[in-house]
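Please read the structure below before turning to the comments.
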Amino acid sequence: MSDFSSLNLHPSILSALTKKGYTTPTPIQAQAIPHVIEGRDILGIAQTGTGKTAAFSLPIIHRMAIAKVKIKPARVQCLILTPTRELAQQIEDNISTYAKQLKISSKAIFGGVGYRPQVQAMSKGLNFLVATPGRLLDLMDDGHVLFEQLEYFILDEADRMLDMGFLRDVKKVIKNLPPKKQTLLFSATMPKDIAALSKELLHDPIRVEVTPESSTVEKISQSVCMVEKSNKPLLLKSILDDKEIKSVLVFTRTKHGADRVVKHLDRNGVTAAAIHGNKSQGARERALNGFRAQKLRVLVATDIAARGIDVNHVSHVINYHLPDDPKSYVHRIGRTARAGREGRAISFCDNDELKLLKGIEKTIQTKLFVDTEHEYHGVAPHISKQVQNKPKTKHIHNQKKKVQKKKMQSRNVKR
């Protein structure tokens with residue numbers, strides 16, 4: 001299939017795609033769109049960056065444009081369930097772009113922001129509701145979301161829902177949906193729980209699979225740097241000393257770790273911001289928008305950002321900490337080499353992470369290249385001045401206590 005015009009999409013959609021500079025559908029779009037237009041259920045296996053959002057949204061917008069259904073207050077025509085705020089907003093932004101010339105309404109709802117504006121948006125009814133499970137259940141419990149007019153249900157990033165512990169909430173939502181609907185389920189991998197859920201949800205589905213499970217993008221150059229834990233900040237600075245590296249996404253294991261990395265970079269004159277679950281929605285959006293606009297050179301994130309952040313110009317992904325789940329490695333490095341570009345993924349590995357490295361290599365079925373040329377390869381652990389002073393201070397304090405104790409004992413004997 002050579003271009004979008006051959007998919008027989010609505011002229012307004014084709015016009016919007018042309019303005020965005022999109023001419024050729026990705027493999028998952030070419031395979032899925034005709035079946036969705038026909039009304040078939042879809043089981044899509046595809047990693048992030050393959051064009052999944054357009055694969056499910058374009059044909060549904062097409063069908064809505066033709067049917068012109070009037071949506072009643074609090075009702076929803078299409079529900080898209082997704083695991084993170086960033087992904088929900090990204091999907092809604094894309095839908096708004098594709099349906100710009102059509103009278104099709106959409107809204108993204110998620111926690112961490114005001115409840116009232118979301119209630120007001122739902123009061124008019126929506127063609128597309130893109131939601132995270134928790135806030136959706138809140139609105140449903142309060143009677144602000146009703147599903148009598150639901151025709152389409154999309155469960156996106158299903159395996160990520162499982163990883164983040166949302167599967168129970170997802171099942172609660174599904175219980176409230178009408179049995180007659182078109183369902184599309186997309187997942188990068190197919191663990192047992194998601195496979196079982198797909199069998200319950202989907203009716204005679206078309207399976208669309210464009211990449212093997214846990215595969216990595218071919219255009220990404222991958223390497224690992226063996227480094228002592230205390231030398232990781234120094235190695236990161238050393239890499240970023242190369243001014244040609246303009247846009248870097250750094251992944252840490254914890255929220256506090258992300259904040260520490262940002263402070264270290266700020267002290268060394270590198271513009272950076274953190275994005276994680278403890279940040280307010282406003283702070284997360286400012287950081288992401290600054291990174292998109294290339295005002296920030298480095299975005300430091302936990303795995304909450306491993307999916308759903310669509311920034312085409314990311315040249316480097318650095319795994320400051322290796323992920324506990326090897327599948328997360330695939331999603332992390334998938335943030336680079338987007339839109340046909342090349343990218344580089346560099347992983348830091350200390351002695352405590354060797355098992356994690358083996359798990360990653362087993363999952364991707366590739367032995368990562370070990371970079372022995374970086375300046376901290378084989379270098380002894382760095383000890384900061386504060387750490388150096390601590391034992392000495394403690395030793396002096398203990399010595400003082402011993403002297404005072406002896407004086408007291410001497411006085412007691414004399415008495």
## Note on the structure
Candidate cut points under GluC sites (Glu not before Pro) in the stretch 141-197, DSSP loop plus at most 15 other Cβ atoms within 10 Å of their own Cβ, are E148
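Can you tell me the order of 181-187, 64-70, 220-226 when each peptide is scored by its average per-residue count of other Cβ atoms within 10 angstrom, highest first? It would help to have the intermediate numbers written out before the result.
Working: 181-187: 22.4, 64-70: 13.0, 220-226: 18.4.
The peptides rank, most packed first, as 181-187, 220-226, 64-70.
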#### Entry: the stretch 4-209: radius of gyration and largest Cα-Cα distance (Dmax), Å
15.8, 44
### Query
Could you give P(r) for the chain, binned at 10 Å from zero, as whole percent values over all Cα-Cα pairs?
4, 20, 28, 22, 12, 6, 3, 2, 1, 1, 0
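Using 1/(1 + (r/R0)^6) with R0 = 56 angstrom and r between the beta carbons of K199 and I383, what's the FRET efficiency to the nearest 0.05? Present the calculation step by step, with values, prior to reporting the outcome.
Values: r = 56 Å, r/R0 = 1.00.
Result of the calculation: an efficiency of 0.50.
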#### Entry: Global form of the stretch 282-376, assessed from the alpha-carbon gyration tensor, a/c cut-off 1.5
prolate
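Averaging sequence separations of C-alpha pairs under 8 Å and six or more residues apart, then dividing by the length of the stretch 4-209, give the relative contact order as a whole percent. Kindly include the intermediate steps, with their values, before the conclusion.
Working: 362 pairs, mean separation 60.3, N = 206.
It comes to 29 percent, rounded to a whole number.
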### Message
7 Å from Cα along Cα→Cβ at both K246 and S5: what's the point-to-point distance in nm?
### Response
3.3
### Task
Treat every Asp and Glu Cβ in the chain as -1 and every Lys and Arg Cβ as +1, leave all other atoms uncharged, and give the resulting dipole magnitude about the Cα centre to the nearest 20 debye.
2980
### Within the chain, helix-based [θ] at 222 nm, where runs of 4 or more DSSP H residues each add -39,500 (n - 2.57), nearest 500
-13000 deg cm²/dmol
### Positive dipole terminus of the chain, leading residue within H321, A188, F4 (C-beta point charges)
H321
### Task
In Å and from the alpha-carbon atoms only, list the Rg and Dmax of the stretch 220-370.
14.2, 40
### Summary
Farthest towards the positive end of the dipole of the chain, among G134, V173, T252 and with Cβ unit charges of +1 on Lys and Arg and -1 on Asp and Glu, lies the Cα of T252
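Rg to Rh for the stretch 265-322: what is it, with Cα atoms only and Rh by Kirkwood? Mind dumping the intermediate values first?
Values: Rg = 11.1 Å, Rh = 12.0 Å.
Answer for the stretch 265-322: 0.93.
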### Task
Using label points projected 7 Å from each Cα along Cα→Cβ, tell me how many nm separate N289 and K19, to one decimal.
2.0
#### Entry: the stretch 220-370 - charge dipole about Cα centre, Lys and Arg +1 at Cβ, Asp and Glu -1, debye rounded to 20
320
### Query
In the calculated pair distance distribution of the stretch 77-152, what percentage of Cα-Cα distances lie above 18 Å?
34
### Task
Could you work out, for the stretch 234-283, what percent of all Cα-Cα pairs fall into each 10 Å distance bin, beginning at 0 Å and stopping at the bin that holds the largest distance?
23, 55, 20, 2
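Run the numbers on the chain and let me know its relative contact order in percent, using alpha-carbon pairs under 8 Å that are six or more apart. Please report the intermediate quantities before stating the final value.
Numbers: 722 pairs, mean separation 68.9, N = 415.
Dividing the mean separation by the residue count of the chain yields 17 percent.
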### Query
Over the stretch 172-286, how many percent of alpha carbon pairs lie in each 5 Å bin up to the one with the longest distance?
2, 8, 12, 14, 11, 12, 13, 11, 8, 7, 3, 1
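Throughout, read-outs are computed from the coordinates displayed, never taken from laboratory work. Everything numeric here is computed off the predicted structure, so don't read it as measured data. Neighbour counts are summed over all protein chains in view; Cβ atoms, including those assigned to glycine, are modelled from backbone coordinates with ideal geometry.
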